[in-house]
Amino acid sequence: MIFYPMVISAVAVLVTLVYASWLDIRDRRVTFVTWLPMLCVGLVCVGVLIWQMTGNTGLFVGFLAVVAAFLYDDYLGNRGRTDSPCLAGYYSERMLVPYLAVVLILPAVSWFVLVKTFNVQLVPWFAMYAGVFLFITYLANRDFTASTGKKKKIQALSGREEMLLRWYFVLVIIIFAITSVILLFDGNWGSPALLLLLPVVFGGLFYTFATMNLFGGADAWALIFIAFCIPVFPIDPLLGTPPLGFLAFSVLINALVLNLAAPVVIFIINIARGNHAPLQYMFFGFPVKGDRIQESWGFVMEDFTESKGVVNRRFIGFFDSLRRMYNHSGRVYTKDLRDHPEKYTKELEMYKKAGTVWISYAVPFIVPITAGLITAVTCGDFLLAVMRILTGGM
């Protein structure tokens, strides 16, 4: 079966991912505006798909409500930015009220207006949804005005408020998931609600990973928008369509499988070059000259101290590395050494004295994501294929 709207959306997504991969390799940065044209094309195609499959306008408006909520969260975190002229209007302070209105109106229309039967169970969930966004908007606006000094006597956010501002969207995702399940079983949306439920859960998961600094922002947005733009397989792949038919999960699985080849190659190169380190680090990094570390890409995998003129070094442990990623501190990236050398004069001097420094390999994950999309659409889900082979299904 061929879903022609999804074929068009898949082409738009692929072109965007190829461009984003090039940007990430060149600059190690993919601006948010990169995703917007792809998202616009994808949403139009999803709207056509939903109309062709169900004729359910309410489901599509619900789909738009979820996307609008994700975009509004990005807006709150970047409001007032001036470093990107093409996004000046998008992040304009004057857009706060219109954006908030759209975020509140879309789910109300989807859940209460464009439905076959009114479901009172949705009322408290909408009240909670609206309350969360109104309060978070208040906090974000208070924090923004305090940081910019545009108003006097603005109280800075407390630690609890900052934590709420960081994690509130997880609650929003849960609300969307629960309301989708309600509309799935109450006769309003039926099984097509999975077109919304699966992207919500998948997108929410990677939003959470990005919030915890366990996943790159560009990589997370790529997977989130793939889920929104291509919720189903556009064509039947060679290995067959997985039971749920959710493309984004197969893209992720294939990307992870393809990415497993990189550590093996790095290990072989280290062995061939005679590089020595604890076994686990031989798979994920390599040494570079300390006085030329700024020319490389990656994270520093060692800590250095100096005592009586002797440089001591130790590799950063796995859990320590996770803690630094989560706290967004204590982790040195060579790009920062290159862009802000004045902040790392002590570290740069230590690296020169050490002679060599082990850094992690830095192939942007968006590259295997792109390969994962191509292989998922054409071949199918690698994990499913392996499971079928192991169970004698192929």
Inset, instruction - Kindly provide the set of residues from the stretch 1-59 that are closer than 20 Å to Ser180 by Cβ, of a type in the set (Val, Ile, Thr) and part of a helix (DSSP H, G or I), ordered by number. - result: Val46, Ile50, Thr57
Legend entry - Subset of the stretch 211-220 [part of a helix (DSSP H, G or I), in contact with a Phe, Trp or Tyr (Cβ under 8 Å, 6 or more places away or on another chain) and surrounded by fewer than 18 Cβ atoms within 10 Å (Cβ to Cβ)]: Thr211
Inset, instruction - Look through Phe318, Phe365, Phe382 and report the one residue that is modelled with pLDDT under 85, closer than 23 Å to Val264 by Cβ and among the aromatic types (Phe, Trp, Tyr). - result: Phe318
Inset, instruction - Kindly provide the set of residues from the stretch 324-353 that are more than 20 Å from Arg28 (Cβ to Cβ) and modelled with pLDDT of 80 or more, ordered by number. - result: Thr345, Lys346, Glu349, Met350, Lys352, Lys353
Legend entry - Selection count where residues are over 21 Å from Ile316 (Cα atoms), β-branched (Val, Ile, Thr), in a helix (DSSP H, G or I) and in contact (Cβ under 8 Å) with a residue 40 or more places away in the chain, scope the stretch 231-282: 3
Inset, instruction - Determine if the stretch 339-346 includes at least one residue that is of a type in the set (Asp, Glu), more than 18 Å from Lys289 (Cα to Cα) and more than 25 Å from the chain's Cα centre (by Cα). - result: yes
Inset, instruction - State all residues of the stretch 60-119 that are part of a loop (DSSP other than H, G, I, E, B) and modelled with pLDDT under 85; if no residue qualifies, say none. - result: Arg79, Gly80, Arg81, Thr82, Asp83, Ser84, Ala88, Gly89, Tyr90, Tyr91, Ser92
Inset, instruction - Return yes when Phe206 is buried (at least 17 other Cβ atoms within 10 Å of the Cβ), within 24 Å of Val13 (Cα to Cα), free of Cβ contacts under 8 Å to residues at least 24 places away in the same chain and of a type in the set (A, V, I, L, M, F, W, C) and no when it is not. - result: yes
Inset, instruction - Quick one: which residue in Phe169, Phe126, Phe133 is modelled with pLDDT of 85 or more, in contact with a Leu (Cβ under 7 Å, 6 or more places away or on another chain) and surrounded by 16 or more Cβ atoms within 10 Å (Cβ to Cβ)? - result: Phe133
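The values are calculated or read from the model by the stated rules, or taken from the named source; none is laboratory data. These figures come from a predicted structure and were not determined experimentally. Glycine also receives a Cβ, built like all others from the backbone with ideal geometry; neighbour counts cover every protein chain displayed.
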